[in-house]
Ligand SMILES: Nc1ncnc2c1ncn2[C@@H]1O[C@H](COP(=O)(O)OP(=O)(O)OP(=O)(O)O)[C@@H](O)[C@H]1O
Ligand SMILES: [Mg+2]
């Protein structure tokens with residue numbers, strides 16, 4: 001039997017008459033990565049706040065590290081680390097001082113604290129800027145420092161609220177690799193994100209949150225089976241060209257209004273070349289050509305029948 005690091009049942013939360021969480025059930029086995037995927041305003045931060053005892057739900061129950069988040073909040077807090085959506089670093093302090101402050105708060109005795117701080121600076125590649133005030137850090141450095149601060153207490157369950165939003169692709173990859181290392185050490189990760197790719201890369205299980213309800217839960221593969229895969233989009237200038245292309249390309253789906261043809265494809269050069277050759281053979285030219293990998297919008301369209309924009313309001 002696997003033990004649950006996080007288990008919630010029927011969580012509800014409303015702000016005045018606006019329902020934000022409408023009965024959330026979830027279960028995260030210890031040592032796994034769970035990703036809550038959803039657009040702006042879906043209720044991700046609210047869920048994190050409830051599970052981390054920062055906010056009280058109106059209904060339902062949740063246990064984290066085996067403790068009830070309401071009646072045993074102190075025990076929950078002792079077991080978890082939280083890296084919020086907005087970095088909690090003190091701008092006026094240097095990177096090293098921010099970490100030392102956390103070590104002091106955790107009452108790590110004397111040299112132990114210094115050692116942990118040095119290890120974390122090294123691990124997060126922040127040694128060089130350790131003496132600079134955090135106000136001079138880039139967004140990516142700030143996020144890394146923020147996560148490093150969360151790790152000072154060596155928590156076994158970590159909540160990361162959109163850890164990579166706003167980061168460039170390289171910083172995002174660095175963050176992913178740090179998260180993977182934590183998982184390898186047996187840490188349980190609860191991660192919120194707006195990026196399907198991120199959830200796909202990191203998570204053992206994904207739950208899709210839409211207007212306070214979980215509209216799907218499963219492994220990344222289970223989820224992806226429900227949405228259109230990678231495909232090529234060909235855009236034409238006239239309906240006649242679209243017709244001609246649709247005739248020679250089997251498996252294609254047409255969007256008459258946008259004059260677009262979609263074809264399933266692995267996006268590899270061989271299949272793309274074959275596709276272009278086939279168009280050439282019939283002297284058909286497309287005005288535009290793009291390879292599209294599924295994103296959050298595809299997930300939402302497939303699972304809810306609407307795009308993320310409806311939710312973002
Ligand atoms: N303190 C509050 N008072 C009133 N409404 C709130 C409050 N906090 C959040 N909300 C509303 O609850 C809904 C969910 O907010 P939440 O912050 O949980 O979303 P999110 O999924 O984290 O979004 P984002 O991706 O933008 O961080 C939003 O519609 C938001 O406006
Ligand atoms: Mg949020």
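No lab work stands behind these numbers, since they all come straight from the coordinates. If you're wondering where the values come from, they're calculated on a predicted model, not measured in any experiment. Using ideal geometry, Cβ is built from the backbone for each residue, glycine included, and neighbour counts are taken over all protein chains shown.
Structure above, values below:
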| quantity | calculated |
| --- | --- |
| Sorted by Cβ density within 10 Å, fewest first, the residues 265, 290 | 290, 265 |
| Sequence ranges 274-280, 145-151, 53-59, ranked by mean other-Cβ count within 10 angstrom, highest first | 145-151, 53-59, 274-280 |
| Dmax and Rg, reported as Rg then Dmax, of the range 1-108 (C-alpha, Å) | 15.7, 47 |
| Full-stretch length increase - residue 255, residue 88 - with 0.36 nm per residue and alpha-carbon distance subtracted | 55.5 nm |
| Folded to 0 to 90 degrees: helix 139-151 orientation relative to the chain principal axis, Cα | 50 degrees |
| Computed lengthening from residue 292 to residue 215, 0.36 nm per intervening residue step minus Cα-Cα distance | 25.4 nm |
| Descending Cα extents along the principal axes, the range 119-160, whole Å | 30, 20, 13 |
| Value of D in µm² per second that Stokes-Einstein yields for the range 263-303, Kirkwood Rh from Cα pairs, at 37 °C (0.692 mPa s) | 273 µm²/s |
| Cut-off 14 Å, label 7 Å out along Cα→Cβ of residue 55, residues of the range 73-105 by amide N | 84-86 |
| Degrees separating the helix 169-184 axis from the principal Cα axis of the chain, which is the longest one | 60 degrees |
| Tilt relative to the chain, helix 110-123 - C-alpha long axis, 0 to 90 degrees, to 10 | 10 degrees |
| C-alpha center-to-center spacing [the range 1-30, the range 179-209] in angstrom | 17 Å |
| Efficiency of FRET from Cβ geometry, residue 75 and residue 19, R₀ 35 Å, rounded to 0.05 | 0.75 |
| P(r), alpha carbons of the range 231-292 - 10 Å bins starting at zero, rounded % | 24, 63, 12 |
| Modelled FRET efficiency - R0 45 Å, residue 12 with residue 281, Cβ distances, 0.05 increments | 0.15 |
| Theoretical gain in end-to-end length, residue 225 to residue 131 [0.36 nm per residue, Cα-Cα removed] | 29.0 nm |
| Cα gyration tensor of the chain - equivalent ellipsoid semi-axes, whole Å, descending | 43, 25, 16 |
| FRET efficiency estimate (nearest 0.05) - Cβ-Cβ, residue 239 to residue 181, R0 35 angstrom | 0.05 |
